[in-house]
C-alpha cells in the first residue's frame, strides 16, 4: 500500500482534546470505522508484516482490538481468541494481571483458546504504555502458544509501550 493510503488513514482519525480527562488528546477512530475502504486498508497494513509467519490465531484485546481482530482473522484464515476484562468469559480462563499507573488490571483468555505451539498474532487499536499488550503476550505464552508479533493501528511513541514488548516483533500502522 502506498504512503498516500497511510496519510488518508492519519487524516481520517480525529483528535478530541481533553478526553477522557484534561490534558489527554484522544484519537477517535470512529470515522475510520465508518469508511469501509480505509478500514480495510488499515487492517491490510496492520497484518502485512505477518502474512508469511504462519499465523493460526489472532488474539484481539478488548474492546477495540476486537474490531481489528475479526477482519485480520478472516484475511489470515486464522481463529480468533478474545482477551477480555475479568469475569466476561464463561469458561475456564488464563488470567494475567498487569500494572497500571495507579494499581493493577487483569485480562483473561479461555484456557482452551490457544493450543500448544500455535502461532498467535496479538492485535489491538493502540499501543500506549504497553501493559495490556505485555499481559496478552504472557497469556499466549502461558497457554503454550508462540507469539509471532503484535500489531496495532496506532502507537503513541512517547509512552514507550514498545519497550515492554522486548523480543516481540511489533508493528504499528500509524505513529504519534
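The values are calculated or read from the model by the stated rules, or taken from the named source; none is laboratory data. Computed from a predicted structure; not experimentally measured. Cβ placement follows ideal geometry from the backbone for every residue including glycine, while neighbour counts extend to all protein chains displayed.
Per-structure values
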quantity	calculated
Selection from segment 43-56 of residues that are surrounded by 18 or more Cβ atoms within 10 Å (Cβ to Cβ), touching a residue at least 40 places away in the same chain (Cβ under 8 Å) and either at positive phi or within 13 Å of the chain's Cα centre (by Cα) (or both)	46, 47
Segment 97-112, residues that are assigned to a strand (DSSP E or B) and in contact (Cβ under 8 Å) with a residue 12 or more places away in the chain	97, 98, 99, 100, 105, 106, 107, 108, 109, 110
Residues of segment 68-104 satisfying the condition of being more than 30 Å from residue 37 (Cα to Cα), surrounded by fewer than 16 Cβ atoms within 10 Å (Cβ to Cβ) and at pLDDT 95 or above	85, 86, 87, 88, 90, 91, 92, 95, 97
Residue in segment 119-131 that is under 14 Å from the mean Cα position of the chain (by Cα), surrounded by 23 or more Cβ atoms within 10 Å (Cβ to Cβ), touching a residue at least 12 places away in the same chain (Cβ under 8 Å) and assigned to a helix (DSSP H, G or I) present	no
Of the criteria (1) more than 16 Å from residue 136 (Cβ to Cβ); (2) touching a helix residue (DSSP H, G or I) at 6+ places or on another chain (Cβ under 9 Å), which one residue 49 fails	(2)
Single residue of segment 139-155 satisfying the filter (surrounded by fewer than 19 Cβ atoms within 10 Å (Cβ to Cβ) and touching a strand residue (DSSP E or B) at 6+ places or on another chain (Cβ under 7 Å)) that is farthest from residue 85 (Cα to Cα)	146
